[in-house]
Amino acid sequence: VRYNDRLANDFYISNDFLEHINSYKESVNKNIKKGVEINKKIIVSLGEQKLYAYEDNQLFMEISISTGLDDLPTPRGTFGVFEKTPSRYMQGPLPNISDQYYDLPGVPWTMYFTKEGAAIHGAYWHSEFGSQWSHGCVNLRPEDAELLYNWTNIGTTVIVKN
């Protein structure tokens, strides 16, 4: 926990939950094939506030999303998913990025595409999909995020464009 001084009480995670997460990570890692060409890409359209996922140029998914506010923009460019985790505790402010406070345990279906922390993930704390709302990440409905998470491989290309 980055800001452990913000926790008023002890924070515990049950062994059952940890076993489930570790089992899930093992199954994901077994399905990652090294050296195999990945024909998947995710396109994030900031202007449309939509995400498109393609496999072999066939549309897999088209959904409304929420990207970064004007003062906390989602980074533009071409990236690759380099880390996936089914749940992440996210806190802010982010040094040199924002002084806005947030404290979000259990952010679901997180897929990081920049080393600075930009990610595609589920958002249970709002329902403003189709408009800018985040601190730079790409927010999806949790059920959409789970579907995309299970479809996405490590190395999948992420293109964020206007």
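The values are calculated or read from the model by the stated rules, or taken from the named source; none is laboratory data. All figures in this text were calculated on a predicted structure; none of them were measured in a lab. Using ideal geometry, Cβ is built from the backbone for each residue, glycine included, and neighbour counts are taken over all protein chains shown. Surface areas here come from the heavy atoms of the whole protein model, side chains and all, with no ligands, DNA or RNA. Shrake-Rupley method; radii C 1.70, N 1.55, O 1.52, S 1.80 Å.
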Scan region 138-157 for residues that are open to solvent by 50 Å² or more (accessible area, probe 1.4 Å), assigned to a helix (DSSP H, G or I) and either of a type in the set (Asp, Glu) or under 17 Å from Glu48 (Cβ atoms) (or both) and jot them down. Glu143, Glu146
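Whether any residue in region 114-137 is assigned to a strand (DSSP E or B), open to solvent by 20 Å² or more (accessible area, probe 1.4 Å) and under 20 Å from Tyr52 (Cβ atoms) is what I want to check. Steps first, answer last, please.
So the first thing to find is which residues in region 114-137 are assigned to a strand (DSSP E or B), and the list is 119-122, 134.
Filter again for open to solvent by 20 Å² or more (accessible area, probe 1.4 Å), leaving none.
No, the conditions are met nowhere in region 114-137.
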Restricting to region 52-77, what's the tally of residues that are touching a Lys or Arg at 6+ places or on another chain (Cβ under 9 Å) and of a type in the set (Ser, Thr, Tyr)? 3
Among Ser66, Ser23, which is the only one that is of a type in the set (Ser, Thr, Tyr) and at pLDDT 95 or above? Ser66
Filtering region 39-77 down to residues that are of a type in the set (Asp, Glu) and in a strand (DSSP E or B), which residue is most open to solvent (accessible area, probe 1.4 Å)? Glu62
